[in-house]
Amino acid sequence: MFNEIKTPAYVIDEKKLRENCEILKDIQDKSGARVLLAQKAFSAYSTYPIIAKYLSGTTASGLFEAKLAYEEFHEKSGDCDNKYKEIHVFEPAFNPEEMEEVCSISDHIVFNSINQLEAHRKVWEEKVSEKKLYVGLRVNPEFSTQEGHEIYDPCAPGSRLGIRLCDMPDILPKGVSGFHFHTLCEQGFEPLKDTFKAFEEKFGKFLSKDNSQIKWLNLGGGHHITRDDYDREGLIELVKYIKNTYDVEVYLEPGEAIALDAGFLVTTVMDIVNTGKYPVLILDTSAACHMPDVLEMPYRPPLKDSGEVCEKKFTYRLSSRTCLAGDVIGDYSFDKELKIGDRLIFEDMAIYSMVKNNTFNGMPLPDIDVLHEDGNIEVIKRFGYEDFKMRI
Ligand SMILES: Cc1ncc(COP(=O)(O)O)c(C=O)c1O
């Protein structure tokens, strides 16, 4: 299917994206939660009109993502052109020069500390009084559910993310109407259930129906809701419980779940180098430049028609044409011997790929293509030398 396209290229699978969004819409409809796209995972905005058809809005990590959502995240079908969608924003510290703009285009702003809340009070308070903005605090339930990768654990000891109960004033500051926590990463329902319990034990006193200052609660991202084995019924029940018990609006802001398995990175074998161990394929893509999570996390990305080392007849080490010795994607085996010019297809490459890539070594950025539902492939973005030069 991808034999004709220029490589390297990310190819977004429109059908899978829609199917993921349908699942998330179903969660919204059955639970009453509002689901937001966390743009940090996926911001290929040419597909925003598809996502906007199903979800309630977006969340941003700062001014630039908020602006992108403001400009691009609109439903554009039939009679509901530009239907209103929410924009939420959280940043550990906001730049004072950007606050006015952040507050004018966002609906919900979440602060990471009481210092930040008070430092920017003058700017946000005006919008709150006009009912154009809702202000929340990120809290840290201090309940880790992840093992192995501490860099993705906002509840790890020493975390700067979220206010711990011991740092929370007894009485909530004026103007605060919501809480936010984000603690999960690629997880099922059980860790969310346990985290909510920990949150409820610590912060529940601020949520009781008689203390009605808190009107909304954002459960962050990291929920792998669109994975086949995710307990969606459990999630629906939990959201209903929260809404009924505390009379709050509930938000979920997954990134991965929206574009999970909804993209490929197509690459071509440029050379094959014999080493003492497995022959090394030099690809026209790079872990360091085009899929940095492979090295950062680290993980071994799924590759179409391949097996584990020695599972199939021919094993190769897949690497890149950068100068970084460690720019290795992983070891894979194949049924047939590979040759220069062959194409390989990495899977699940829509998330945390395009948003994190770079031009280290002067490597060209991959094209961004969309595989439409009718089978047509459209080139959405092509990058060149200027994209490298203008950043330096
Ligand atoms: C505050 C916040 N919300 C949402 C997300 C999205 O998480 P995921 O893409 O794992 O669902 C993240 C990811 O780091 C985050 O930091």
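The values are calculated or read from the model by the stated rules, or taken from the named source; none is laboratory data. Since we're looking at a predicted model, the values are computed, not measured. All Cβ positions, even for glycine, are placed from backbone atoms using ideal geometry, and neighbour counts span all protein chains on display. When the accessible area is computed, the model is the full protein with side chains, heavy atoms only, and any ligands, DNA or RNA have been set aside. Shrake-Rupley method; radii C 1.70, N 1.55, O 1.52, S 1.80 Å.
Taking a straight line from the alpha carbon of LYS131, these aspartates and glutamates sit under 12 Å away, with near neighbours fewer than eight places off in the same chain left out: ASP107. Each other residue within a Cβ distance under 11 Å of TYR10 adds +1 if Lys or Arg and -1 if Asp or Glu, for a net charge of -2.
Report the one residue of VAL176, SER31, SER43 whose Cα lies farthest in the direction of the positive end of the charge dipole of the chain (charges on C-beta: Lys and Arg +1, Asp and Glu -1; origin at the Cα centre). After comparing all options, I get VAL176.
Remark: the chain carries a charge dipole of roughly 420 debye about the Cα centre, counting +1 on each Lys and Arg Cβ and -1 on each Asp and Glu Cβ. D by Stokes-Einstein for region 1-143, Kirkwood Rh over Cα pairs, 10 °C, 1.306 mPa s: 95 µm²/s. Heavy-atom surface analysis with a 1.4 Å probe gives the chain a carbon and sulfur content of 50 percent of its accessible area. Summarising the amide proton neighbourhood of LEU303: residues at separation of 5 or more, or on other chains, whose placed amide H is nearer than 5 Å comprise GLU347.
A probe of 1.4 angstrom, applied to the heavy atoms of all protein chains, finds THR322 with accessible area near 20 square angstrom.
Each of the peptides 192-199, 274-281 was scored by the mean count of other Cβ atoms within 10 Å over its residues; in descending order, highest first, they stand as 192-199, 274-281.
Cα convex hull, region 32-259: 131 Å³ per residue, rounded to a whole number. What aspartates and glutamates does LYS277 reach when the alpha-carbon gap must be under 14 Å and sequence neighbours fewer than 8 apart in one chain are set aside? Within the straight-line cut-off, LYS277 pairs with ASP331.
Going 7 Å from the Cα of GLU308 toward and past its Cβ, which residues in region 324-366 have a backbone nitrogen under 20 Å from where you end up? 329-336, 347, by backbone N distance to the label point. Evaluating 6.51 cos²θ - 1.76 cosθ + 1.60 at θ = phi - 60° for every residue in region 152-159, the Karplus couplings come out as 9, 10, x, 9, 5, x, x, 4 Hz, glycine and proline recorded as x. Extending 7 Å from the Cα toward the beta-carbon at both GLU237 and THR275 defines two label points whose distance is 5.0 nm. Solvent-accessible surface of the chain, taken per residue with a 1.4 Å probe and all protein chains present: 46 Å². Which of the residue pairs LYS15/LYS304; LYS15/LYS339; LYS205/LYS240; LYS76/LYS240 have a Cα-Cα distance greater than 21 Å in the structure shown? Check vs 21 Å cut-off fails for LYS15/LYS339; LYS76/LYS240.
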